[in-house]
Amino acid sequence: MPLFKRKPFALVVPPNDLECNEHVFQVRFTKEIFRDYQAYLQRINLYRQRVWTCKVTGKTNLTYEEALVSEQRGTEKAQQFPKELMIPVLHMIQFSMLKLQDLVKSICTKLQDHFIEGLELYGRKDNSVQPCQILKVLDEDLEKVHYEVGWLDKDKNVTGTSIANADDLIRKKLPFTRDVLKSFIRESTSRSFPWVVHDKLAKKHGVSTEPPEELRDKLSIQDGCPKSNKRRKTASDTKNQGTSKRKKLETENSEGLTNGKKASKEIEKPNKEPIRYPIDDLLVQPGADDPVFTDRPSPSRDFGVPMDCVGHLLMVWDFCSSFARLLNLWPFSLEDFENAICHKDNNLILIVESHLVLLRLLMKDEGGYFMVIQKKRRKLKITLTNWMDYLCDFLEMEDIPELSTHIGTIKRGHYGLLDPQAKLFILRELVDRALATNAIREQLDNYIEQHQALAAAKRGEALEEARKRREEKGLLKADPDSKEVLHGNILENGGHGLNISENGDSNGTIGDFPEKEDRKEGNHASENSESHRVNMASRKVNKKKKNLKVTIENVQVPFSMEKQKKELPWKEKETEAQEKKSKELRKEHLEREMEKRFIRTNPLGKDRNYNRYWFFRRDGRVFVESSDSKLWGYYSAKEELDALMGSLNCKGERERALKKQLDKCYNRISPALHKRSRDIAQKIALEEAVLRRSTRVPPRDNPALAFFRYVNKWKD
């Protein structure tokens, strides 16, 4: 059940004296029954407030319904935890005083350092690697642990036992993620300080329920110490008294009202409190001040592969495209990859090369797959003719029932006859194994370091530019009043093409010596008194006017100097424009370089119905994934993107974040959509041209069959 402000919340018990025809009010998601409409409204308003916490995942600031959904998903995730690891993990959880993050880290470390009973893995026997199972752990107190292992055959029957050291056993990746372990811990415990396993679960798996001696005096494991019981009883009594008084007042008020219609109106009066947006999207109601939203376009769903395989298709293609240089695999488009997966040819170069690079990567990592290859004494060179044998070795090592049924078909050389689901399932398993290799991890570490360095450079340039702007503003504020005097002189004289400096000098004109003497006197006088400075400034203005008149009448500025003075502002503007353009180019360059350092493709955001939106920088489409990942679609036109953005309501939390991310990436997504639309138009024109040509033209010249012409130009 969801927690109310991180504490358990008791639901209302239904009345025992309900009649069959009695009119009551029931909460849809808790099945609580109320006779009083006002009490029902109060409870509904409480459930809509963001004060609830998911007990399984620990997420806060949720409504009651959101917490219920989160608990359901967390429970499903906790059920994915391996059953053979439940008992030892429950023993590690019971009465632990660690925080959740530290507890998860401690459990993962122990499971990786020490094997447990019932675990199936691989072991070295007679210079070969064979599947085995841990039957018993020996010498647990010693530094070097020994294990009694049973060697398994193809049917997983124990054919023999022996004693093995930890060095003779090949460690596998943990069969669960840390998120699954967190959900399992929260789901199987009743409290978190210390962690206490549910009584039924502890008795079922033989976990001790007696707390250690050091915890008995400090903490209460069951319902708390007697003092805490008294406090709880007092608090509950006061709460019950308050509710009883409230009910009594409500009954008195209801009895005093003679008109039933007036009573219902009084009860149904809502609390007119201003709503603070953004709120949960499902709670947003249309308002009078809302803008006109466009209709959300329907996404296209014309995929070649089955709908439940689109996610696997995108994941495999995105991995191969992102790590193409490391894999030595020439990039290919998503359409070509989809068409190749659906084709029945056994030796399509695109499909064969995709398998080859992944198998070679696993072999170079010298892990479990490398040991299997050595056991079968195969050559460490995979070619176009023997790649199916190496693929069968991988499937036998994984021992997944859904994939093992296809081993016979692949061994007979009929890989192309497999369904697209099976092909993508195999590629997905290869990609999952490849992500755990050292080469991919090193590449990701390098990308993270380079990404951080580029982000720091971008941030430093932004700070330097802001500092320069502040300095320029500071220089403009420090003004010696000469600028205003100069502006008045230029207006009085009508300009006449003279370039006057800010301090009043006429740039090389005759008759400015008296002005310099007066300036010295003015500066000296300003040190003595403010009034004297004002008088000298007025005298200076009059003399400047006279000098300017003499200059305009008697002095003719040379044509070259006048031309240079006219061109100077334009040169300054050109320099400023070039500097601004270079800064923008530098900023775009840094952003492009950061995008090249691929770390992980994240969704753009979610809409009000929890549909996720994806954009892959190597494909000009915006993909839409349903909340249950069972339905996919895409937008491929700029007009569809604009309509999508116009349909998002920023009053909702999810659509507000999605709109913000689309605005941020619009300059990158929009050209990609436009380019794709242009390429599709050209492809259609080429297909029509091919159809009009002679029948002697080979069919593979058709642009729709471009995946037949794929060549791996980065091949080892």
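The values are calculated or read from the model by the stated rules, or taken from the named source; none is laboratory data. Because the structure is a prediction, the values reported are computed rather than measured. All Cβ positions, even for glycine, are placed from backbone atoms using ideal geometry, and neighbour counts span all protein chains on display. What goes into the accessible areas is simple: the full protein's heavy atoms, side chains included, and nothing from ligands, DNA or RNA. Shrake-Rupley method; radii C 1.70, N 1.55, O 1.52, S 1.80 Å.
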Do the conditions hold for ARG378, that is, is it surrounded by fewer than 16 Cβ atoms within 10 Å (Cβ to Cβ) and within 30 Å of LEU673 (Cβ to Cβ)? no
Yes or no: VAL69 assigned to a helix (DSSP H, G or I), among the β-branched types (Val, Ile, Thr) and open to solvent by less than 20 Å² (accessible area, probe 1.4 Å)? no
From the list VAL180, VAL197, VAL207, VAL158, which one is at pLDDT 75 or above, out of contact with any strand residue (DSSP E or B) (no Cβ under 8 Å at 6 or more places or on another chain), open to solvent by less than 100 Å² (accessible area, probe 1.4 Å) and aliphatic (A, V, I, L, M)? VAL180
Can you find, within segment 399-414, the residue that is surrounded by the most Cβ atoms within 10 Å (Cβ to Cβ) among those that are free of Cβ contacts under 8 Å to residues at least 24 places away in the same chain and assigned to a helix (DSSP H, G or I)? ILE410
If we keep only residues of segment 5-28 that are part of a loop (DSSP other than H, G, I, E, B) and under 26 Å from LYS182 (Cα atoms), then the residue least open to solvent (accessible area, probe 1.4 Å) is PHE9
Counting only residues in segment 592-625 that are open to solvent by less than 20 Å² (accessible area, probe 1.4 Å) and either on the phi > 0 side of the Ramachandran plot or not aromatic (Phe, Trp, Tyr) (or both), the one nearest to the chain's Cα centre (by Cα) is identified as GLY605
Which one of the conditions (1) closer than 24 Å to HIS414 by Cβ; (2) under 29 Å from the mean Cα position of the chain (by Cα) does CYS342 fail to meet, given that it meets all the rest? (2)
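With the structure loaded, tell me whether LEU334 is surrounded by 14 or more Cβ atoms within 10 Å (Cβ to Cβ) and in contact with an Asp or Glu (Cβ under 6 Å, 6 or more places away or on another chain) or whether it fails that test.
yes
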Matching residues in segment 167-208 - criterion: being part of a strand (DSSP E or B) and within 30 Å of PHE370 (Cβ to Cβ): LEU169, ILE170
Out of ASN611, ASN602, sole residue that is without any contact (Cβ under 8 Å) to a residue 24 or more places away in the chain and within 19 Å of PHE319 (Cβ to Cβ): ASN602
Among the candidates GLU396, GLU429, single out the residue that is over 21 Å from GLY311 (Cα atoms), of a type outside the set (A, V, I, L, M, F, W, C) and in a helix (DSSP H, G or I). GLU396
Quick check, is GLY150 open to solvent by less than 70 Å² (accessible area, probe 1.4 Å), modelled with pLDDT of 85 or more and under 19 Å from PRO88 (Cβ atoms)? yes
Select from segment 612-657 the residues that are touching a strand residue (DSSP E or B) at 6+ places or on another chain (Cβ under 6 Å), basic (Lys, Arg) and farther than 22 Å from ASP308 by Cα and list them in ascending order. ARG654
Among the residues listed as GLU32, GLU117, GLU65, GLU71, the single one being closer than 21 Å to TYR610 by Cβ and without any contact (Cβ under 8 Å) to a residue 40 or more places away in the chain: GLU65
When ILE341 is evaluated against the numbered criteria (1) among the aliphatic types (A, V, I, L, M); (2) open to solvent by 20 Å² or more (accessible area, probe 1.4 Å); (3) in contact with a Lys or Arg (Cβ under 8 Å, 6 or more places away or on another chain), which criterion, by number, is the only one it fails? (2)
Determine whether ILE351 is within 34 Å of the chain's Cα centre (by Cα) and at pLDDT below 90. no
Being more than 16 Å from PRO175 (Cα to Cα), in contact with an Asp or Glu (Cβ under 8 Å, 6 or more places away or on another chain) and not small (Gly, Ala, Ser) is the filter here; which residues of segment 63-81 pass it? THR63, GLU66, THR75
Report, by residue number, each residue of segment 364-381 that is over 13 Å from ARG433 (Cβ atoms), of a type outside the set (Lys, Arg) and either modelled with pLDDT of 90 or more or in a helix (DSSP H, G or I) (or both). MET371, ILE373, GLN374
Give segment 410-447 a look and list any residue that's modelled with pLDDT of 90 or more, closer than 22 Å to MET363 by Cα and polar (S, T, N, Q), or say none. THR437, ASN438
Taking segment 34-54, which residues are open to solvent by less than 50 Å² (accessible area, probe 1.4 Å), assigned to a loop (DSSP other than H, G, I, E, B) and out of contact with any helix residue (DSSP H, G or I) (no Cβ under 8 Å at 6 or more places or on another chain)? VAL51
Among the residues in segment 86-106, are any outside any loop (DSSP other than H, G, I, E, B) and either more than 23 Å from ASP179 (Cα to Cα) or at pLDDT below 80 (or both)? no
Between THR75, THR109, THR63, THR57, which is open to solvent by 20 Å² or more (accessible area, probe 1.4 Å), farther than 15 Å from GLU187 by Cα and among the β-branched types (Val, Ile, Thr)? THR109
Selection from segment 647-689 of residues crowded, with 18+ Cβ neighbours inside 10 Å and touching a Gly at 6+ places or on another chain (Cβ under 6 Å) yields LEU658, ALA672, LEU673
Only one of SER322, SER354 that is touching a residue at least 60 places away in the same chain (Cβ under 8 Å), touching a helix residue (DSSP H, G or I) at 6+ places or on another chain (Cβ under 7 Å) and crowded, with 20+ Cβ neighbours inside 10 Å: SER354
How many of the residues making up segment 415-432 are out of contact with any helix residue (DSSP H, G or I) (no Cβ under 9 Å at 6 or more places or on another chain) and touching a residue at least 24 places away in the same chain (Cβ under 8 Å)? 0
Between LYS55, LYS5, which is on the phi > 0 side of the Ramachandran plot, at pLDDT below 90 and of a type outside the set (A, V, I, L, M)? LYS5
Criterion violated by LYS136 - all others in (1) assigned to a loop (DSSP other than H, G, I, E, B); (2) touching a Phe, Trp or Tyr at 6+ places or on another chain (Cβ under 9 Å); (3) open to solvent by 80 Å² or more (accessible area, probe 1.4 Å) satisfied: (1)
For segment 47-70, check the following and say yes or no: at least one residue is over 25 Å from the mean Cα position of the chain (by Cα), under 22 Å from HIS198 (Cα atoms) and of a type in the set (A, V, I, L, M, F, W, C). no
